[in-house]
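The values are calculated or read from the model by the stated rules, or taken from the named source; none is laboratory data. Since we're looking at a predicted model, the values are computed, not measured. Glycine also receives a Cβ, built like all others from the backbone with ideal geometry; neighbour counts cover every protein chain displayed. Accessible surface areas use protein heavy atoms only, side chains included; no ligands, DNA or RNA. Shrake-Rupley method; radii C 1.70, N 1.55, O 1.52, S 1.80 Å.
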Amino acid sequence: MKNACLGIVVAAIVVTAGCTSLEHKSSLTEPSAAGNNSLLGNWTSSTLIPTPSTCTDFKWNVTEQTASSAKGSFTASCPGDLKFTGTAEGVLGTPTTIQWSAKGNATAPGLISCAMSLSGTAQIGTESIIVPYAGDTCLGKVNGIETLRKH
């Protein structure tokens, strides 16, 4: 009987130990959504030498953020002296990527306001967001890459 009781106690200890094991994974090469602290705030870019098909001077003021998305006002300057004003929002695809889109209106001297949109998959870094984009303006297609930094 002692052996049977001892066997039950040992089995109970093994089962309990198996249920209380912990597993922890971390990566020093990828920031996590929490590691980025917050996307909330002002993000801006500056391009020294734009090409004829690129938009520049991106400004994204993130005013709303959840665990899986971010949203806020957005402005950019595009070819033909277009000034783009609207909203941008994105959904986290992974801890380091965000599927984003911006929609709004563009204005330029001598032109009426026209609809404009940009979209892409951005890479979230520890201090910047690299934003490849493509889109349509009333003066034609645009595409490029901008790097936004938090200010």
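A few comments on the model shown:
- For a label point 7 Å along the Cα-to-beta-carbon line of Gln99, residues of the range 40-80 with backbone N under 17 Å: 66-71
- With protein chains left intact and a 1.4 Å probe, residues in the range 55-151 average 50 Å² of accessible area per residue.
- Label-point separation, Thr66 to Leu40 (7 Å along Cα→Cβ), nm: 1.6 nm
- Accessible carbon and sulfur surface of the range 104-151 relative to its total accessible area, %, 1.4 Å: 55 percent
- Contact order normalised by residue count of the range 46-151, Cα under 8 Å, 6+ apart, percent: 20 percent
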